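A short worksheet on the structure shown next.
Please treat every number below as a calculation from the coordinates, not as lab data. Given the structure is predicted, the values throughout are model-derived calculations rather than measurements. Heads up, the Cβs are rebuilt from the backbone with ideal geometry, glycines too, and the neighbour counts pull from every protein chain shown.
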Amino acid sequence: MTHKIVTSIALAIGLFTGNAMAHGDIELGPNKGRILEFSTNETMHGEVTEADGKVEIAVLDKDMKLVEVKDQELNATAGTREKPAVLAVEKTKDGFVIPAPKAGEWIIFQFKLDGSAKPITARLHYNTTVCDPCKQPEWRCACEKK
Ligand SMILES: [Zn+2]
């Protein structure tokens, strides 16, 4: 009995946290892309945009200015928990390009300032449902949600 109660409380907290992460706290960058935290102190960001089935990740500094990509590294994984799929990352001078995952999948990014840096993990729920007020897919929507 006690065990069941504890489990349902843990579940409730888990669901609540998941919901809070999905809505609110979504920040958009200068190109209306989704901002990801690529540092532990807000000094490096990723701005995620999408065009023609490709997802682009620009690297921005603390002032949201474009950073030239040289030594930085990015890994991306999507798929499902049971069957994660590593995405091919192409490096350009303005950032990185990956193929868009399936709608509804999570993209797990691992960003490194250079080959020896500690990786920073950022997650994006690639929810392509279009938000009515802003006409953007949910993954790049910053509308206030109730
Ligand atoms: Zn919206």
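Starting with the highest mean, order 93-101, 76-84 by the number of other Cβ atoms within 10 Å, averaged over the residues of each peptide.
With the highest mean Cβ count within 10 Å placed first, the list reads 93-101, 76-84.
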### Task
Starting from the Cα of residue 121, step 7 Å along the direction of its Cβ; do the same at residue 54; then give the gap between the two resulting points in nm.
2.9
### Query
Is there a pair in 62/112; 91/135; 112/135; 62/83; 65/102; 54/112 whose C-alpha atoms are over 25 Å apart, and which pairs would that be?
91/135; 112/135; 62/83; 65/102
